[in-house]
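Reviewing the structure listed below.
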Protein chains: 2
Amino acid sequence: MSGNNIFYAQSGGVTAVINASACGVIEAARAHPEFGKVYAGRNGIIGALREELIDTSLESEATIAALRHTPAGAFGSCRYKLKSVSENRAEYERLIEVFKAHDIGYFFYNGGGDSQDTAHKVSQLSQEINYPITCIGIPKTVDNDLPVTDNCPGFGSVAKYVAVSIREAGLDVASMCESSTKIFVMEVMGRHAGWIAGAAGLAAEQEGDAPHIIIFPEIPFDKDAFLAKTKVCVEKYGYCAIVVSEGAHYEDGSFLADQGTTDAFGHAQLGGVAPALANMVKEALGYKYHWAVSDYLQRAARHIASATDVEQAYAMGKAAVEFALAGKNAVMPTVVRDSSSPYQWHIGEAALADVANVEKKMPRDFITEDGFGITAAAKEYFAPLILGEDYPPYKNGLPDYARLKKQLIGKKLPAWSE
Amino acid sequence: MSGNNIFYAQSGGVTAVINASACGVIEAARAHPEFGKVYAGRNGIIGALREELIDTSLESEATIAALRHTPAGAFGSCRYKLKSVSENRAEYERLIEVFKAHDIGYFFYNGGGDSQDTAHKVSQLSQEINYPITCIGIPKTVDNDLPVTDNCPGFGSVAKYVAVSIREAGLDVASMCESSTKIFVMEVMGRHAGWIAGAAGLAAEQEGDAPHIIIFPEIPFDKDAFLAKTKVCVEKYGYCAIVVSEGAHYEDGSFLADQGTTDAFGHAQLGGVAPALANMVKEALGYKYHWAVSDYLQRAARHIASATDVEQAYAMGKAAVEFALAGKNAVMPTVVRDSSSPYQWHIGEAALADVANVEKKMPRDFITEDGFGITAAAKEYFAPLILGEDYPPYKNGLPDYARLKKQLIGKKLPAWSE
């Protein structure tokens, strides 16, 4: 008989709302006496391997509630993908040993495709070695690239951030373009999928609004077409605001960010794609430019989170607990869209096997024929995901984010050699 | 006798709250029948030279009110510094001709040091040629480098943006640092003065909080000391969050951003200082990094504006009208601080002659002895300026910013040859 404690871990790149999912898990588990304690992995799954388990029962109700409005991974996350069972069975066995040592019968893994794959494997192996662990995935990724679910918690908030940012920066450039900056390039996340870049397109509501050009990783970059469109925009609107995915690349697969630049010592240098693109325009057309790379700012921007996203992130965490109570295993709650306008959705369910290691890209019909914009279908999809504001509380002019004790429980096993 | 119309122009780099000053001017002028119309220069002072005057009386009360929550320059700004009177007297005379043709007796110039200099010269010349124009400066600059005034409208909001952003990104890096990113570099504006970089220091409230290192243009960059401090931070806290002014430079004046990089064609390339610094850490210490350059995003970020800043920007615009009513000339309203805690301030007055072309830098006692942080005195200065949130209204998940008609009045003069 497996224990009734829960192990929860955050995985991969964090988001503005992954802690809202943690909040959902912990609050729901506290409400159900069927569960024991919720242990959180210190720095994700690494915490389980090292037997570094944070006892969330030592955190106050107020602190747990504050997770809902706190960005990033409060317990620590990691970039650590377990190898296949055949390659490194010992890792899986160690996980299960740690779970066993601490009466953990439930494994909630809050992450993207890789994490769902891991959760799936743990589920299988635990059956095999006769300490069955209930494994539930909780979706999380700013990249919005998980299959089955309509969208991923984390995405709506970064979508809102980039749309708000390009609207604001677009107004700035429009103010300056007569005598100064005519080109503004904003680089956004998305190595393989252009969801984030696409969402920036929501900022354009009327002819001439920023962004004027969006560059997707799904569409091989056509330099001539890009420069021609940039020139038309500047001539028509006075300026051109461009949003580019970090993964933008040429037909041959080479990244725009890789401009063959070398530093003073002759080392190859990988800059951002934004400066590369801005330089390209400058050289071809001579326009003065500015560029921005938001990087972590975009995915950590809890101050401008989407209320819809926060709500869904929380709901996914809560659903994980409910799924476990209902005896489900090797599944992940999903967002199922019932209607875009008015926006209605409910919680669905996907088998981890169907989610693991599948990457969902922007459908071609979400991208305009010229490859530089989003269609009405895309706008219909994106629009509800950024709805609503969910401001954190402020103290001294700054968001008052949760500070956790993160007290580890005592170890019972020999140290793990990595 | 000069006319009773007002000419208002926005100048230089725009801010999140310069339109709040425009709102203050227009609402106050509408409340006083002593004034005729408020004309706004299309793209700043260039609009006056070209006789492109926007008739703000055609904008509804609601639209003018919405300027208070709309970032950037609603009427257009410009980077255009008039030469000295001796070098280009024709330009000044043209301005006054345009003012005369449209019964303009008041010139309100909303900008930084250069603009206050221009307003001052127009005032002098208008006396000389017997069409006296009342010239009032309205302070504006994200750089916070104007003298006399305690702070500049525009600064408080960018200060809030950078402090919020580094707090959020800091939490993100803290989540990831065990197995991934250990260094985060955020580049902020400030070529000559480190006010913006310094304000980011407000995010650090407890030992170990981000940012750990701030690099100011006031302090020549010491690479060895920087690398040593970075290493200590990573060893102590697991990561190091760095904020750097775009104007950071070595003792010899060369910019950190100028790394002697060349592109594929051998052209010298000026990247951002953030990637340069991140690369420097990587080469010396081997840590994985991320970097962000907010650029225009920071100064356009009306969505996270400081309520204090919005209020002061509006008050400065309103005060300009009141100064004009009181018969004042060649002056600029200022913020006078009475107390930091609780924060109290009132409107003061500076002669344009005292404001023009003076750059106020961070005092040395605002910077810690090691040159990489801010002191308690700096925190006391900065803290009130970011107080309060003043969220714009939202529509469809996005800030609903003003859209103006910007109808030009008929021209009466021959075209201006530039």
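Coordinate-derived values only; no laboratory data. Predicted, not measured: the structure shown is a model, and the values here were computed from it. Positions of Cβ are backbone-derived with ideal geometry, glycine not excepted, and every protein chain shown enters the neighbour counts.
With K and R counted +1 and D and E -1, the other residues having a Cβ less than 12 Å from that of A:GLU235 yield a net charge of +4.
Ordering B:TYR296, B:TYR250 from the fewest to the most neighbouring beta carbons within 10 Å gives B:TYR250, B:TYR296. Hydrodynamic radius of the stretch A:155-300 by the Kirkwood approach over all distinct alpha-carbon pairs: 15.2 Å. Cross-link partners of B:LYS379 among lysines, defined as those whose alpha carbon lies under 20 angstrom from its own and excluding same-chain residues fewer than eight positions apart: A:LYS395, B:LYS160, B:LYS360, B:LYS361. In terms of other Cβ atoms within 10 Å, B:PHE184, B:PHE216, A:PHE372 run from fewest to most in the order A:PHE372, B:PHE216, B:PHE184. Of the residues A:TYR314, A:TYR237, A:TYR381, which exhibits the maximal mean-square fluctuation in a Gaussian network model of chain A defined by a 10 Å Cα contact cut-off? Ranking A:TYR314, A:TYR237, A:TYR381 by mean-square fluctuation puts A:TYR237 first. Remark: spin-label model distance A:ALA326-A:SER60 equals 3.5 nm, labels positioned 7 Å along the Cα→Cβ axis. One equal scatterer on each Cα of the protein assembly as shown, no solvent, Debye formula: the resulting log10 I(q)/I(0) at q = 0.05 Å⁻¹ is -0.28. For chain B, modelled as a GNM whose springs connect Cα atoms under 10 angstrom apart, the maximal fluctuation among B:GLU235, B:GLU187, B:GLU207 occurs at B:GLU207. Choose one answer from B:ILE133, B:ILE64, B:ILE347: the residue with the largest mean-square fluctuation in a GNM of chain B with alpha-carbon springs under 10 Å. In the Gaussian network model the winner is B:ILE347. Remark: chain B carries a charge dipole of roughly 1080 debye about the Cα centre, counting +1 on each Lys and Arg Cβ and -1 on each Asp and Glu Cβ.
Using equal-weight Cα scatterers in the Debye expression, the normalised intensity of the stretch A:12-122 in log10 at q = 0.12, 0.14, 0.19, 0.21 Å⁻¹ is -0.41, -0.56, -1.03, -1.24. Its residues counted as N, the stretch A:302-370 yields a C-alpha radius of gyration over 2.2 N^0.38 Å of 1.37. Annotation: cysteines of the protein assembly as shown without a disulfide-compatible partner (Cβ-Cβ under 4.7 angstrom) are A:CYS23, A:CYS78, A:CYS135, A:CYS152, A:CYS177, B:CYS23, B:CYS78, B:CYS135, B:CYS152, B:CYS177. Each eigenvalue of the Cα gyration tensor of the stretch A:291-418, multiplied by 5 and square-rooted, gives one semi-axis; in descending order these are 32, 25, 19 Å. Counted by neighbouring Cβ atoms within 10 Å, the residues B:LYS231, A:LYS140, A:LYS121 run from fewest to most as B:LYS231, A:LYS121, A:LYS140. Dividing the convex hull volume of the alpha-carbon atoms in the stretch A:1-51 by its residue count gives 74 Å³ per residue. Around the amide H of B:TRP291, modelled in the peptide plane, lie the amide H atoms of B:VAL185, all under 5 Å away and 5 or more residues distant in sequence or on another chain.
When each copy gets a label point 7 Å from Cα toward the beta-carbon at A:LYS395, what are the spacings between them in nm, shortest first? List, nearest first: 3.7 nm. Per-peptide packing, taken as the mean over residues of other Cβ atoms within 10 Å, places A:356-369, A:329-342 in the sequence A:329-342, A:356-369 from highest down. A Förster distance of 22 Å, applied to the separation of the beta-carbon atoms of B:ARG403 and A:ALA377, puts the FRET efficiency at 0.25.
For chain A, the share of alpha carbon pairs falling in successive 10 Å distance bins from zero is 5, 22, 28, 22, 15, 6, 1, 0 percent. What number, rounded to the nearest 500 deg cm²/dmol, is the helix-based mean residue ellipticity at 222 nm of the protein assembly as shown, given -39500 (n - 2.57) per DSSP H run of at least four residues and division by all its residues? Helices in the protein assembly as shown give a 222 nm mean residue ellipticity of -10500 deg cm²/dmol. Distances from A:GLU369 to itself in the other copies, using label points 7 Å out along the Cα-Cβ axis, amount to 7.0 nm in increasing order.
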